[in-house]
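A quick write-up on the structure given underneath.
The values are calculated or read from the model by the stated rules, or taken from the named source; none is laboratory data. What you are looking at is a predicted structure, and each value in this text was computed from that prediction instead of being measured. Heads up, the Cβs are rebuilt from the backbone with ideal geometry, glycines too, and the neighbour counts pull from every protein chain shown. Side chains included, ligands, DNA and RNA excluded: accessible areas come from the protein's heavy atoms. Shrake-Rupley method; radii C 1.70, N 1.55, O 1.52, S 1.80 Å.
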Amino acid sequence: MTTTGQTSFPTTSKHLIPIPMTADDTPEIDPYETLAGSDQPFWADAAADAIEARSPDEPIVIKGGVSPSGIPHLGHVNEILRAYYVAEALRARGHEVRQVFTSDDRDRLRKLPRQLADLDGNIVGLGDVDAGALGRNLGRPYTDIPDPFGVSDSYGEHFTELLHRSVDDLGIDVEFVSNTRLYEDGEFDEVVRHVLTNRERAREVLSAYQDKVDETYVPFFAICEACGQLTETITDVDLDASEVSYACTDIDTGEQTISGCGHEGTVSIRNGKLPWRFEWPAQWKILDVDFEPFGKDHAEGSWPSGVDIARNVVDVELPVPMVYEWFTLEGEALSSSSGHVVTVDEVLDLLEAEVLRYFFVKEPLKQRDFSVERIDQLVDEFDRFERTYFGERETTESDREFVERAYPMVVTDPREERIRIPYTFAAVLGMTDDEDLREEIARKEGHIPEDAPAWAVEDALGRIERARNWARRTGNEFDYELKRTELPTVDFDDRVEAALDDLAAFVAEGHDGETIQGEIYETARRHDVDVGEFFAAGYRLFFDDEQGPKLGTFLGKLDREFVVARLRREQ
RNA sequence: GGGCCGGUAGCUCAGUCCGGCAGAGCGACGGACUCUUAAUCCGUCGGUCGCGUGUUCAAAUCGCGCCCGGCCCGCCA
């Protein structure tokens with residue numbers, strides 16, 4: 001994890017001058033409007049237009065950020081990918097762009113997640129770590145909590161690292177910034193001092209948004225020297241010393257109350273944090289943010305107050321906002337705490353990174369469902385997206401314009417020779433572990449051109465393992481597995497058994513797959529067995545299933561003794 | 001109480017900004033490949049565009065009013 005190389009601010013500054021207490025109308029800026037009314041075929045270009053319209057200084061800064069509260073899932077990646085496409089759109093126009101992502105790791109742990117994940121992404125239950133020890137850290141900043149796995153420096157660093165790895169796996173290069181480091185290194189000093197200097201004003205502005213703000217409210221949380229909790233009761237502010245005094249009182253997190261230790265003390269403003277509503281605009285100022293995408297959860301609360309605070313307290317120009325809808329997983333909201341999540345790690349076992357990148361290139365304001373069950377549809381859609389780019393299929397003009405712009409951002413090295421084996425067919429090929437056989441069948445069925453370059457063949461075959469993982473994970477109709485070691489339980493009537501013996505004899509003579517396929521029909525007819533019934537018998541024998549791949553072709557590829565013995569129900 | 005998204009073919013969705021013949025993929029059905037089973041190819045089937053209403057020569061598309069589904073905010077972050 002890296003931090004920004006910001007220079008320190010001088011201790012005296014014009015920003016320490018109190019802002020006069022005047023009422024100020026803040027025209028609303030609707031974050032839903034950024035993409036509305038644009039005639040751009042790709043939404044990221046609409047966002048880029050809005051950014052360019054402000055003539056920002058280079059490099060243009062695109063930000064995002066989340067708290068490292070637990071297992072990073074697809075929702076967290078969404079935040080980064082949305083920003084990424086906007087950054088790419090600007091880069092394609094020749095701008096220099098910094099995409100930064102703040103890990104809001106000084107936020108406090110408010111409740112224990114039900115699941116955690118180790119650095120390899122293996123998901124474990126809370127009971128598999130020392131939950132009691134973790135529980136004693138409620139109310140403390142993530143970066144002050146020991147890593148439950150004992151590897152990283154802190155809980156915060158652990159989960160930030162996991163997210164960083166997910167982003168790396170997607171091939172996205174983002175500058176990660178630790179919020180804690182920004183405080184520790186003094187990057188926040190000036191803006192914190194400014195907010196505290198104008199705390200009357202801050203109180204007045206925020207009170208329009210939060211009822212709990214009263215005369216005693218001070219916009220700062222201090223880290224208690226005794227117990228490490230972020231306490232909200234600030235009893236005194238010493239701007240000359242850049243210190244605050246506090247009393248460690250109970251914290252009401254809404255769901256539960258975290259008891260304070262009662263300690264009273266004084267700490268530097270580097271040992272604490274601004275409340276989120278102030279911290280967000282403060283980040284805009286420190287990092288000089290030009291564009292900020294955020295989930296719809298921020299659209300009604302944090303954003304309007306952030307606009308007000310940016311203008312009337314922090315004194316910073318607003319970034320261009322953009323709201324994105326959250327998506328669902330199998331039709332239901334993602335939830336770290338309840339464990340209804342899917343990680344990037346898991347998804348990349350099922351499909352290629354570019355397919356996942358494609359998922360996030362679609363309209364941000366549409367609520368979409370990510371379904372493992374129907375991943376084949378997503379992959380098929382991606383394959384069409386790719387074929388459209390290479391002009392291999394017809395589509396509408398607007399779709400073509402979208403694809404031409406978006407595809408190079410999804411697949412960063414477009415190569416026309418690339419081969420995609422249809423996903424469900426790849427799942428069928430997954431029935432065998434024999435890699436040569438996989439390739440042979442794929443070639444035979446026309447999914448790999450004669451003159452395909454080796455790299456393209458290798459890439460294409462890589463999908464088979466993923467599709468097989470998918471078939472197994474979902475246990476769907478493509479979950480074929482050759483029952484090689486033991487004979488499935490079978491119960492055939494005499495005619496079927498006679499037909500199988502007959503077919504065994506034919507196979508023993510040595511024929512290729514095509515011929516065997518034809519003979520299956522002939523044999524069935526000769527023995528007055530329904531063709532469908534006979535195929536079903538074959539699938540039962542070899543796959544313990546009602547259906548499977550094209551049988552004759554497949555049997556022709558297996559070693560003959562095994563096929564003959566199995567047809568005779570001997571092995 | 002408020003916000004946003006969605007409702008178009010059996011399924012998943014595009015089309016709505018900017019009104020002008022109702023679209024794609026999957027699916028189902030029929031056929032071809034000496035051969036009902038993955039794939040491939042050909043063909044067929046598919047829709048009261050959630051409901052109502054207004055505007056218009058013309059509405060899936062624009063306005064208004066509803067209904068249904070989902071999520072979010074009104075604690076915290």
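For chain A, what number results from the quotient of the Cα radius of gyration and 2.2 N^0.38 Å?
Numbers: Rg = 30.3 Å, N = 571, 2.2 N^0.38 = 24.5 Å.
The reported ratio for this selection is 1.24.
Please give the charge dipole size of chain A, origin at the Cα centre, charges +1 on K and R Cβ atoms and -1 on D and E Cβ atoms. Round to the nearest 20 debye. Mind showing how you got there, number by number?
Values: 60 positive and 120 negative charges, 166 e Å.
The calculation lands at about 800 debye.
Starting from the 7 Å offset along Cα-to-Cβ, what nm value, one decimal, do you get for the label separation of residue A:149 and residue A:501?
Taking the simple label geometry, residue A:149 and residue A:501 are separated by 6.0 nm.
What lysines could a cross-link reach from residue A:366, if we take a straight Cα to Cα line under 25 Å and drop same-chain neighbours fewer than 8 places away?
A:63, A:296
Specify which residue in the list A:409, A:437, A:460 is farthest towards the positive end of the charge dipole of the stretch A:403-501, using unit charges on the beta carbon of Lys, Arg (+1) and Asp, Glu (-1), about the Cα centre.
A:409
May I ask you to list the residues of the stretch A:260-289 whose amide nitrogen lies under 18 Å from a point 7 Å from Cα along the Cα→beta-carbon direction of residue A:241?
Residues A:263-273 fall inside that zone.
Which whole-number percent is the relative contact order of the stretch A:398-497 (Cα, under 8 Å, 6+ apart)?
33 percent.
In chain A, with Lys and Arg counted as +1 and Asp and Glu as -1 at Cβ, which of these residues, A:382, A:419, A:372, has the Cα nearest the positive end of the dipole, that is, farthest along it?
A:372
Just name one of A:234, A:171, A:42: the one whose Cα is farthest towards the positive end of the charge dipole of chain A (beta-carbon charges, Lys/Arg +1, Asp/Glu -1).
Projecting each Cα onto the dipole axis, the largest value belongs to A:234.
Using a 1.4 Å probe on the protein chains only, how many percent of the accessible area of chain A belongs to carbon and sulfur? Walk me through the intermediate numbers first.
Numbers: 10440 of 24980 Å².
Reported share for carbon and sulfur atoms: 42 percent.
Counting pairs of alpha carbon atoms under 8 Å apart in space and at least six apart in sequence, what relative contact order in percent does the stretch A:51-187 give? Before the final figure, lay out each step's value.
Values: 200 pairs, mean separation 38.3, N = 137.
Rounded, it is 28 percent for the stretch A:51-187.
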